[in-house]
Amino acid sequence: MSQIYDRVALIGLGLIASSMFWAIKRAGLAGEVTGYARSEATRDTARRIGLCDRVCDTAREAVECADLVVLCVPVGAMGAVAEDIAAVLKPGATVSDVGSVKRHVIQAVQPHIPEGVHFIPAHPLAGTEHSGPESGFAELFDNRWCLLVPVEGSDPDAVARLRALWEGMGSSVDEMDADHHDLVLAVTSHAPHLIAYTMVGVADDLRRVTDSEVIKYSAAGFRDFTRIAASDPTMWRDVFLSNKDATLEILGRFTEELFALQRAIRTGDGEHLFDYFTRTRAIRRGIIDAGQDTDAPDFGRGKASS
Ligand code: NAP
């Protein structure tokens, strides 16, 4: 794969940024990758493990001369970071992000983007429950979707270049409108995370079932919930606060369906339960057929997951 950008700057050095760095290096997609994280501890770790060609002590220093700047911080921090770096962005550069919510990030970041700089939001649909600079790995994005969410008037050449970078990192790329993105992700990721957090919280509250029993006998369903519920608290707090409407809409529907199933159980309506489970089983088959998961008993997860 050939070089796509001379200089890339990664702001925030956690799971996603570190995976991007290793994936960029794997395929030789950039000449130099600079990085910045807000804490000295993370910058020290990055230097120790060779994460980024150059780790800078300020975000401004990292983005100077960069052709592509990728904001890899929690959604709630994107606006402040964009404001901080705005004055030193190179004319003709592209600013992108990897935030799990798009409308909120666009509203927070776009006002700070200077004339002559491209802004192309993005969201890789890949992750694990781990975070921090040491959690990344080059294969995270392999065969995973990355959604580009170009804003109105985005330069087609700049979009094509960013697409090439994500494809070079192993992703399949699609383009989507921000509001549609936020609704789709509320269904496929945000609401399921909230349900997992709730289920694990309920088990924790059930004093009749001791902690050791929950751990010892945890069957696949619950184990899967605990993995999802171990996801980073800052990231997920920001996701729910910034994708409020879509998540509440999906949770409203979820609650209605849950009540219907509850009634079916109470009234002994086996037909309702059977039909419902038959329909949901077909959705699972569709996901496997689309190559987004495997039929393996551990869901084929290995390292990459959510
Ligand atoms: P992470 O591993 O927790 O890393 C976050 C990074 O952002 C750290 O370097 C942290 O710096 C920095 N940071 C945190 N708060 C900040 C603030 N207020 N100002 C400046 N920097 C700050 O997170 P991640 O999983 O890579 O997630 C990064 C972004 O990717 C988020 O927007 C998330 O929505 C999105 N995303 C995550 C996943 C996933 O599954 N994890 C998947 C797709 C997209 P310190 O280390 O110095 O604290």
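The values are calculated or read from the model by the stated rules, or taken from the named source; none is laboratory data. Just so it is clear, the model here is predicted, and its values are computed rather than measured. Don't worry about glycine lacking a Cβ; one is built from the backbone with ideal geometry, like all the others, and counts go over all protein chains shown.
Taking each residue of segment 49-62 that is at negative phi and looking for partners that are at pLDDT 95 or above and of a type in the set (Phe, Trp, Tyr) with beta-carbon atoms closer than 7 Å, six or more apart or interchain, yields 51/21; 56/36; 58/36; 59/36; 62/36.
Screening segment 278-306 for residues that are modelled with pLDDT of 80 or more and β-branched (Val, Ile, Thr) and picking the one that is farthest from residue 232 (Cα to Cα) gives 278.
Within segment 225-237, does at least one residue satisfy the condition of being out of contact with any Ser or Thr (no Cβ under 8 Å at 6 or more places or on another chain), among the basic types (Lys, Arg) and farther than 21 Å from residue 126 by Cα? Walk me through how you get there before you give the answer.
Within segment 225-237, the subset out of contact with any Ser or Thr (no Cβ under 8 Å at 6 or more places or on another chain) is 225, 229-230, 233-234, 236-237.
Restricting the remaining residues to those that are among the basic types (Lys, Arg) gives 237.
Next, only the ones that are farther than 21 Å from residue 126 by Cα stay: none.
No: segment 225-237 contains no residue that is out of contact with any Ser or Thr (no Cβ under 8 Å at 6 or more places or on another chain), among the basic types (Lys, Arg) and farther than 21 Å from residue 126 by Cα.
Restricting the search to segment 125-146, which residues are within 14 Å of residue 189 (Cβ to Cβ), surrounded by fewer than 22 Cβ atoms within 10 Å (Cβ to Cβ) and either away from the ligand (no atom under 11 Å from the Cβ) or modelled with pLDDT of 95 or more (or both)? Selection gives 125, 144, 145. A residue that is within 14 Å of the chain's Cα centre (by Cα) and either part of a strand (DSSP E or B) or of a type outside the set (Ser, Thr, Tyr) (or both) can be found somewhere in segment 109-121.
Have a look at 164, 191 and point out the one that is surrounded by 18 or more Cβ atoms within 10 Å (Cβ to Cβ) and either among the aliphatic types (A, V, I, L, M) or under 30 Å from residue 48 (Cα atoms) (or both).
Working: 164 fails: surrounded by 18 or more Cβ atoms within 10 Å (Cβ to Cβ).
Of the residues listed, the single one that is surrounded by 18 or more Cβ atoms within 10 Å (Cβ to Cβ) and either among the aliphatic types (A, V, I, L, M) or under 30 Å from residue 48 (Cα atoms) (or both) is 191.
Selection of segment 56-84 for residues being hydrophobic (A, V, I, L, M, F, W, C) and closer than 30 Å to residue 245 by Cα yields 69, 70, 71, 72, 73, 75, 77, 78, 80, 81, 82.
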